[in-house]
Amino acid sequence: QVQLVESGGGLVQPGGSLRLSCVASGSLFGGYIMGWYRQAPGTQRELVAVISRPGTTNYADSVKGRFTISRDKAKNTVYLQMNSLKPEDTDVYYCYLNTGARAYWGQGTQVTVSS
């Protein structure tokens, strides 16, 4: 079993920055993908950014150039640096880990961008 614990959400003004962190623990073996999705009420969860164990990244078009995903393999931690935040980035952000056999989700952390 794998557990994911997120931190770093909150309220920020438009144009501001936040950094999300997610620590994975449990039965982790070999390579796996980690990343972030987000979801607003009544909508489908959507990809924000993912990163493979070797470091290959993939971003949603809406966040390219503003968000940066990174990973500390030794600490089983993934980060999402969010800059130039916009009101439309307001969502619950979920940490994601995929072992290839199964996907795991964190509990979610609220990000609110508002003046």
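Brief remarks on what is shown
- Between amide H atoms placed 1.01 Å from N, distances below 5 Å from GLY16 occur with LEU85, all of them 5 or more places distant or on a separate chain.
- In sequence order, calculated HN-Hα J values of the range 87-101 (Karplus, 6.51, -1.76, 1.60; Hz; x Gly/Pro): x, 6, 7, 5, 5, 8, 9, 10, 6, 9, 9, 10, 7, x, 9
- Based on Cα contacts under 8 Å between residues 6+ apart, the chain shows a relative contact order of 36 percent.
- Taking all protein chains as they are arranged and a probe of 1.4 Å, the heavy atoms of THR99 leave approximately 50 Å² accessible to solvent.
- Placing a pseudo-label 7 Å from each Cα along the Cα-to-Cβ vector at SER52 and LYS73 gives an inter-label distance of 1.3 nm.
- Residue order for LEU28, LEU97 - accessible surface, 1.4 angstrom probe, largest first: LEU28, LEU97
- Radius 14 Å from Cβ of SER17, net charge of other residues (Lys, Arg +1; Asp, Glu -1): +2
- Dipole of the chain computed with +1 at Lys/Arg Cβ and -1 at Asp/Glu Cβ about the Cα centre; of GLY65, TRP36, VAL2, farthest Cα towards the positive end is VAL2.
- Of the chymotrypsin sites (Phe, Trp or Tyr not before Pro) found in the range 1-93, those that fall in a DSSP loop while having at most 13 other beta-carbon atoms within 10 Å are PHE29.
- Within the chain, DSSP assigns beta bridges of which about 95% are antiparallel (rounded to the nearest 5).
- Ranked from largest to smallest solvent-accessible area, with a 1.4 Å probe on the protein heavy atoms, ASP61, ASP72 come out as ASP61, ASP72.
- Between the exposed loop cleavage positions of the chain, defined as trypsin sites (Lys or Arg not before Pro) in a non-H, G, I, E, B DSSP state with at most 11 neighbouring beta-carbon atoms within 10 angstrom, the longest gap is 1-63.
- Note on exposure: GLU46, GLU88 ranked by accessible area (1.4 Å probe, complete protein assembly) read GLU88, GLU46, with the most exposed listed first.
- Around ARG53: net Lys/Arg minus Asp/Glu count, Cβ-Cβ under 15 Å: +2
- Hz values of 3J(HN,Hα) by residue in the range 12-20 - Karplus curve (6.51, -1.76, 1.60), Gly and Pro given as x: 9, 7, x, x, x, 10, 9, 10, 9
The values are calculated or read from the model by the stated rules, or taken from the named source; none is laboratory data. Everything numeric in this text was worked out from a predicted model, so none of it was measured. A quick note on method: Cβ atoms are made from the backbone with ideal geometry, for glycine too, and the neighbour counts reach across all protein chains shown. The area values use the complete protein model at the heavy-atom level, side chains included, leaving out ligands, DNA and RNA. Shrake-Rupley method; radii C 1.70, N 1.55, O 1.52, S 1.80 Å.
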